[in-house]
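Q: For reference, the structure I am asking about is given below.
The values are calculated or read from the model by the stated rules, or taken from the named source; none is laboratory data. Computed from a prediction, not measured in an experiment: that's the story for all the values here. Neighbour counts are summed over all protein chains in view; Cβ atoms, including those assigned to glycine, are modelled from backbone coordinates with ideal geometry.
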Amino acid sequence: MAEYMSQQNRTHRTLLERERELRAVDGALTELCGTEPADRDEIRGGGVIAFEGPGGVGKTALLGEARRRAVARGCTVLRARGGEHEQGAAFHVVRQLFQPVLAATGEDEHRRILGGWYDIVAPAVGLVVSGSGGAPDPQGVRDGLDWLVTRFTVEHAPVVMILDDVHWADPESLDWLTRFASRTADLPLLLAVGYRPEDLTADVAAIRALVERQGARPHVLAPLTPGGVGRIVREVLGGHADEAFCRECWAMTGGNPWEITELTAKIRDRRLKPQSENLPALRELVSSARDSGLNDRLTRLGTAAVRLAWAVAVLGIEATPALTANVAGLSESEAAEKVARLVDARILAPPRPGNGTQPLEYLHPLIATAVYQAIPGAMRVAMHGQAATVVLGAGLGSAAAGRHLLEMHPEGDPWVVHHLREAAREYLRAGAPDAGRRCLARALREPPALEERAAVLYELGCAAQLTEPDVTVNHLRAALGEPALGPELREAITYRLAQAYGHSGRMEEAAQVFADEVGRATSARTRLRMQTEQLMWNMFRADEKESPARSRRLTRLAEHLTGRGMAERYLMGLRAWDAMTRGEPIATALHYAEEALGDGLSWTDDDWGFEVPILVALVFLHCDQPGRAEELFNKGIAECERKGWRGSHLAFGFTLLGYARLRRGALGEAEELAREGMRIADLVGSSTPAHWTAVGTLIGTLICRGRIQEAQEFAAGHRGETLPQATLCPDVPAVRGELLLAANLHREARNRLTEVGRRMDGRGMRNPAWCPWQLHLAQALALTDPRQAAEVADDAVRRARQFGAHSAIGKALHTAATVTQGPDRIKLLAEAVSHLMRSPAAYDLALALVDHGAALRRIGLPQEAGDRLYRGLEGAVRCGADALAARARDELSAAGLRPMQLRVDHTSPLTSQEQAIAERAAEGWPDARISETTGLEEREVARLLSDVYRKVGTDRAGLAKRLITPTVGLPQRPVPDPE
C-alpha cells in the first residue's frame, strides 16, 4: 500500500500545471463518448491527441491519467510503450496492444474477429499459425491490422489506444500506426501518444503532422514554473522550505518534474534542511547525483542487486521475474528480495499484479537508459547471450531471442547462425522483411560455415527483394559465386535472381542469368525450365533485338513438347502470348492458352512467378474473350489477398482487370480499378511495370470517356518518369500517341506513333488487337497525307483479318472508313458494325454505330441513321462514354429526332430470350437456323447475340465455355423479357 501511495503521489506531482492538457484530454473523451449515456448509442468519431516533451517532463503521467479517465467513462483501453532496446523487434508495440486482449479468448474467437485475415495477421500479433504458411508482404499485414483494429473498435466502442514513448516504437508498428492514424477520425477510437521531440523519426514526425492536419497541434509540455517546483518541495520536505531553497531547486532541475521529484527524495534521504544556508550542500548533492549518483545508489545495494538491475535492462519487455532471475544468476527468492530493494531505492517500479507473468519495469525510462549504458561492454554482450539462451528455453521463439543475438560479438558459432536464420523466417512470416534482413546480415557476419554461406546469402537476398531489389541482386550474385553450392540451391538462386532483375525492369540481365546458367543444368527438366525462363524474360524486353529468332525457337520447342508438367505449360503460355502479339490466327493463340491453363495457374507460386498466368489471361482478353480473362484476374486477385500479397501482384491484378473492363466497354469500372491498381503500385514504388501499366490503362480510359484535358494533365504528371525497359500492356508510348491524336496534335501524334510502329514491327508484334498504333497513325496522317493514311489503315485491316478477332477487324475497318471518302466509307462502316456486333467490345461498337449513323444522316437516310444513332447512344450511356453520348444526341437532333428515354441496366443478366438464343449459338447453330426456329428476323437474332456477347464477355467461339461457368454471374434461371 505504501508503494502504491508513493506512486500516486509521484503521479500527482508530475501533473502539476497540466490543467490545459487535462482539459484537452477531457474534451477528446467527451467528443469520443458524448456527455450523456444515450450518446454511447451514436456513431461518434475519435482522433489523435499527442503530447511531446523531453524525458521526465510528465508525458507518461499524463497518459496514465488519460487512461484512468477513459476507464471511468467506460472506454475500452489498449496501451503499449516503445522500448529503447526493443526497436529491432518487429511488431513489438502491436503485440503489446493486442496480446492482453487476445490472451483472454481462444482460437475460435481469434478466427472470428480476424476472419480471412487470420493467417496473414496472426504472426504479427503473436498468435500461432499452424503450418509453415507463406510470407505476406508488409502492406498485406498493415491492411490486416487495419481490419483487426476497425472490427475491434466497432465491437468494443468507444476505444482509447494509448502509446507511450512512440519515438522508440519498432519501425513495423510505427509504419502501420502512421498510416492508420488518419482513420481514427471516422471511428470511435481515440489515439493518445507521447514522444520526445529530440528523438523524432520521420514516422513519428508524420503523426505530429497528422495531428496538425486535423486542426490541432501536439501539446508541448512545458517545464514547471518556480511556483510549481516550490509546491513540490514543500509538499515533500515540509512547509518550512524557504523561497531561496525552492528557487535553487527549480534552477538546478530546469523545472523538469521527474528531476525535481528525484531531487526532493534525495534531499529527504540526506536529511538536508530546505533552508538557504544549505544551498552549497544542495549544489554538491545535485552535482554528485549527475556524475555518478544512480550508479552509486545501485552499487550500495550490492552485487546481486546490480546484476538483477542489469538483467532487467537487457531483457526489457521479456523481464519477467523468472527470466530476470535466470539471466542474473539468482534464485527466484533471491531475485524477489533484490526487486524489493530496487523498488525501495526508486530504481524499479513496483511489480504489477499478474502472478509473476508481468515484466519488471524501471521507474522511469531515463533510469533504464542510464543503467543499460552503465553495464560494462563485455558484460553486456555476455548478458545478451545469456538472455538469448533463456528466452529460447522459455519457448518464446527465435525472433524474441534475435534482438539479443544481434548484440553479441561474431564468433563463428553455428548455434547463433541457426537461430538468427530461424528468427529471420519468423519475421518474414510476420510480414517484417526488414527485421528478417537484419538477422540474416548478422548471421553472415558470424560467419556461417562455408557450406552454409550460400544458403544464408540466398535467404538474405529473398528477404530484401520487396524493399531493396538492388541489394537482392548483390546478395544473390554473391551466392552464385560461392564454391560450396549444391545444384538445387544454385537453381533456386538463379530463378530468384532473374525475378529480382525482372521486377526491377532489368529484363536483359534477367535473361542473361539463364543464358549463363542453362549449361549447368543437371537434368532435361531443369534445362527446359531455364530455357522457358530465358525466353520469357527476353520476350519482356522492350529493346529485344532478336525477337523473330526467339519466336522461331519458341515455336519449335512448343511443337515438340510431349509432357504437360509446369515447365511445359509455362512454355505453352509463352507460345500463346507470342502467337497473339505476332498476329497468328486466333485459334492458334487460344489453343496454346488452353493447354497452358490446364486446371489453373497460380499467381503466388514463389518458384514459378505470376508472369505467365498473367500472359495467358491477356491472350484470352485480346482474343475476344474478356470475360474469361476477368475470371482469371479475379481468381488471381483473390489468391493474392488470401496470402496477404498487397504489392505488385495485386496492383497488376486490379489494373489488368480494369484494362479488361476497358476493352469490354465498362469505362466507369475500368477507371475505378485502374486507380486502385495505381494506388497499390505506388505503395511499392513508382516507375515499376505495375505503375506504368496503371498509367497506360487510366489514360486510355479517360480518352474513351472523352475527358481529354484530364488525361493530358494526368499524363503530364508522369512525363518526367523513366519508363522501364519492359514490354507493357497497354504499350504506354502508343497510348501517349493516342492521347496526342485525341488532343488534335496530329504532327506530334504522327511522330510518336511512327516510332512505336517501327519498334513493334521490328519485334514482329504485328497484331492491331494487341497494339493498335496503326489505327491511330492513320487518323493522324489523314489531314496531311490521306494516301498514306489509307495505306496504313488497309494494312491494319489485313493484319486484323489474319488474326481473326471480330473486335480487331471491326476497329480496323472503322479506322479505314474514317480515312476514306465516298460510298466506300458507308460500306466500311457497315462492315465494321457487323464485326463489332459479333464481339464483346461494347464501346467500340457504340463508337462505330454513332459514326455510321452520322454518315447515313449526311447522305440523306434519316431512318437508317436514327436506328444506328439510337443504338450508339444507348451503348455510349451504358459504357459511361459521356462525350460520345453527347455527340450521338447532337447527331439525333441534327437528324430531326429526339433522344428517347433510355433504359440502361449496367448489370442486367441475360433475358430468357437472350439465354435461349445464346444456348443455340453455343451449340453451333448459324443465325439463319436460330431465326427460323425462333421466328425472329435474322437481323434481330444478330442484335440479341451482340447483347449476349457484351454481357457475357466473349465472342461466339467462347460462348459455350462462358455459359457453363458459374463465376461469370449468369443467372440460374433467366430473367423475364422486358415488356
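Q: Within 30 Å of G644 (Cα to Cα), among the acidic types (D, E), without any contact (Cβ under 8 Å) to a residue 40 or more places away in the chain and surrounded by fewer than 24 Cβ atoms within 10 Å (Cβ to Cβ): which single residue out of E422, E426, E407 fits that description? It would help to see each step written out before you state the result.
A: Working: E426 fails: without any contact (Cβ under 8 Å) to a residue 40 or more places away in the chain; E407 fails: within 30 Å of G644 (Cα to Cα).
The unique qualifying residue is E422.
Q: Something else about it: Evaluate the range 334-353: report whether one residue or more is farther than 19 Å from L298 by Cβ and touching a helix residue (DSSP H, G or I) at 6+ places or on another chain (Cβ under 7 Å). Walk me through it before giving the result.
A: Filtering the range 334-353 down to residues farther than 19 Å from L298 by Cβ leaves 352-353.
Those left that are additionally touching a helix residue (DSSP H, G or I) at 6+ places or on another chain (Cβ under 7 Å): none.
No, every residue in the range 334-353 fails to be farther than 19 Å from L298 by Cβ and touching a helix residue (DSSP H, G or I) at 6+ places or on another chain (Cβ under 7 Å).
Q: From the list E84, E19, which one is within 30 Å of G436 (Cβ to Cβ) and either acidic (D, E) or touching a Phe, Trp or Tyr at 6+ places or on another chain (Cβ under 7 Å) (or both)?
A: Of E84, E19, the one residue that is within 30 Å of G436 (Cβ to Cβ) and either acidic (D, E) or touching a Phe, Trp or Tyr at 6+ places or on another chain (Cβ under 7 Å) (or both) is E84.
Q: Could you tell me whether the range 855-874 includes any residue that is surrounded by fewer than 24 Cβ atoms within 10 Å (Cβ to Cβ), closer than 23 Å to L667 by Cα and aliphatic (A, V, I, L, M)?
A: For the range 855-874, residues surrounded by fewer than 24 Cβ atoms within 10 Å (Cβ to Cβ), closer than 23 Å to L667 by Cα and aliphatic (A, V, I, L, M): absent.
Q: Scan the range 532-565 residue by residue and report those that are within 26 Å of D599 (Cα to Cα) and either in contact with a strand residue (DSSP E or B) (Cβ under 7 Å, 6 or more places away or on another chain) or surrounded by fewer than 19 Cβ atoms within 10 Å (Cβ to Cβ) (or both).
A: The answer is F540, T555, R556, L557, E559, H560, L561, T562, G563, R564, G565.
Q: Looking at the range 801-812, which of its residues are touching a Ser or Thr at 6+ places or on another chain (Cβ under 9 Å) and either free of Cβ contacts under 8 Å to residues at least 24 places away in the same chain or aliphatic (A, V, I, L, M) (or both)?
A: A805, A808, I809 - these are the residues of the range 801-812 that are touching a Ser or Thr at 6+ places or on another chain (Cβ under 9 Å) and either free of Cβ contacts under 8 Å to residues at least 24 places away in the same chain or aliphatic (A, V, I, L, M) (or both).
Q: With respect to F654, is the statement that it is more than 23 Å from the chain's Cα centre (by Cα) and either aromatic (F, W, Y) or in the same structural domain as G116 (by TED's automatic domain parsing) (or both) true?
A: no
Q: T722 - would you say it is of a type outside the set (A, V, I, L, M, F, W, C), touching a residue at least 24 places away in the same chain (Cβ under 8 Å), surrounded by fewer than 15 Cβ atoms within 10 Å (Cβ to Cβ) and farther than 20 Å from A629 by Cα?
A: Working: of a type outside the set (A, V, I, L, M, F, W, C): yes; touching a residue at least 24 places away in the same chain (Cβ under 8 Å): yes; surrounded by fewer than 15 Cβ atoms within 10 Å (Cβ to Cβ): yes; farther than 20 Å from A629 by Cα: yes.
So T722 fits the description; yes.
Q: Can you pull out the residues in the range 663-691 that are farther than 28 Å from P136 by Cα, hydrophobic (A, V, I, L, M, F, W, C) and not in a loop (DSSP other than H, G, I, E, B)?
A: L667
The rows are residues; the columns are (1) of a type outside the set (G, A, S); (2) modelled with pLDDT of 95 or more; (3) within 38 Å of the chain's Cα centre (by Cα); (4) under 27 Å from A209 (Cβ atoms).
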| site | (1), (2), (3), (4) |
| --- | --- |
| E19 | yes, no, no, yes |
| T30 | yes, no, yes, yes |
| P37 | yes, no, no, no |
| G46 | no, no, yes, yes |
| I49 | yes, no, yes, yes |
| G53 | no, no, yes, yes |
| A61 | no, no, yes, yes |
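The rows are residues; the columns are (1) among the aliphatic types (A, V, I, L, M); (2) in a helix (DSSP H, G or I); (3) in contact with a Leu (Cβ under 8 Å, 6 or more places away or on another chain).
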residue: A854; (1), (2), (3): yes, yes, yes
residue: G872; (1), (2), (3): no, yes, yes
residue: A883; (1), (2), (3): yes, yes, no
residue: A886; (1), (2), (3): yes, yes, no
residue: A916; (1), (2), (3): yes, yes, no
residue: V941; (1), (2), (3): yes, yes, no
residue: L945; (1), (2), (3): yes, yes, no
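Q: Sort out which residues of the range 60-86 are buried (at least 17 other Cβ atoms within 10 Å of the Cβ) and of a type in the set (D, E), and write them in order of number.
A: Passing the criteria: E65, E86.
Q: Take the residues in the range 154-211 that are under 15 Å from E52 (Cα atoms) and β-branched (V, I, T); name whichever of them is modelled with the lowest pLDDT.
A: V204
Q: Please work out which one of (1) modelled with pLDDT under 95; (2) farther than 24 Å from G329 by Cα is the condition V417 fails and give its number.
A: Of (1) modelled with pLDDT under 95; (2) farther than 24 Å from G329 by Cα, only one is false for V417: (1).
Q: Let me ask something else about it. With the range 69-152 as the region, which helices (runs of 4 or more DSSP H) entirely inside it contain at least 2 residues that are within 22 Å of the chain's Cα centre (by Cα) and under 25 Å from Y195 (Cα atoms)?
A: Working: elements: 92-103, 107-114, 118-121.
Those helices (runs of 4 or more DSSP H) span 92-103.
Q: Of all residues in the range 631-644, how many are buried (at least 24 other Cβ atoms within 10 Å of the Cβ) and either at pLDDT below 95 or under 19 Å from A681 (Cα atoms) (or both)?
A: So the count comes out to 4.
Q: If I113 satisfies every condition in (1) closer than 30 Å to L221 by Cα; (2) surrounded by fewer than 21 Cβ atoms within 10 Å (Cβ to Cβ) but one, which is the exception?
A: Only one criterion is unmet by I113, namely (1).
Q: A further question on this structure: When you look at T357, is it crowded, with 17+ Cβ neighbours inside 10 Å, polar (S, T, N, Q) and not assigned by TED's automatic domain parsing to the domain that holds G83, yes or no?
A: When the stated conditions are applied, T357 does not pass them.
Q: Could you tell me whether any residue of the range 88-103 is modelled with pLDDT of 90 or more, out of contact with any Asp or Glu (no Cβ under 8 Å at 6 or more places or on another chain) and among the small types (G, A, S)?
A: no
Q: Note down all Cβ pairs under 6 Å where the first residue falls in the range 951-976 and is at positive phi, the second is surrounded by 12 or more Cβ atoms within 10 Å (Cβ to Cβ) and at pLDDT 80 or above, and they're at least six residues apart or on different chains.
A: The qualifying pairs are G953/P626; G953/G627; G953/R664; G953/P840.
Q: Might you check whether a residue that is surrounded by fewer than 16 Cβ atoms within 10 Å (Cβ to Cβ), within 45 Å of the chain's Cα centre (by Cα) and farther than 23 Å from D164 by Cβ occurs anywhere in the range 292-315?
A: No; the residues of the range 292-315 include none that is surrounded by fewer than 16 Cβ atoms within 10 Å (Cβ to Cβ), within 45 Å of the chain's Cα centre (by Cα) and farther than 23 Å from D164 by Cβ.
Q: Any idea how many residues of the range 149-203 are farther than 22 Å from V25 by Cβ, surrounded by 22 or more Cβ atoms within 10 Å (Cβ to Cβ) and acidic (D, E)?
A: Looking only at that region, the number is 2.
Q: Further question on the same structure: Check E568, E584, E559 and return the single one that is acidic (D, E) and free of Cβ contacts under 8 Å to residues at least 24 places away in the same chain.
A: That would be E559, the only listed residue that is acidic (D, E) and free of Cβ contacts under 8 Å to residues at least 24 places away in the same chain.
Q: Which members of the range 588-606 meet the condition of being surrounded by fewer than 23 Cβ atoms within 10 Å (Cβ to Cβ) and closer than 17 Å to A638 by Cβ?
A: Within the range 588-606, L597, D599, G600, S602, T604, D605 meet the criteria.
Q: Only one of A464, A443, A454 is closer than 24 Å to A681 by Cβ and surrounded by 20 or more Cβ atoms within 10 Å (Cβ to Cβ); which?
A: A464
Q: Among the residues of the range 316-336, how many are surrounded by fewer than 18 Cβ atoms within 10 Å (Cβ to Cβ) and charged (D, E, K, R)?
A: So the count comes out to 2.
Q: Is there a residue in the range 603-614 that is more than 29 Å from the chain's Cα centre (by Cα), in contact (Cβ under 8 Å) with a residue 12 or more places away in the chain, on the phi > 0 side of the Ramachandran plot and part of a loop (DSSP other than H, G, I, E, B)?
A: First, the residues of the range 603-614 that are more than 29 Å from the chain's Cα centre (by Cα): none.
No, every residue in the range 603-614 fails to be more than 29 Å from the chain's Cα centre (by Cα), in contact (Cβ under 8 Å) with a residue 12 or more places away in the chain, on the phi > 0 side of the Ramachandran plot and part of a loop (DSSP other than H, G, I, E, B).
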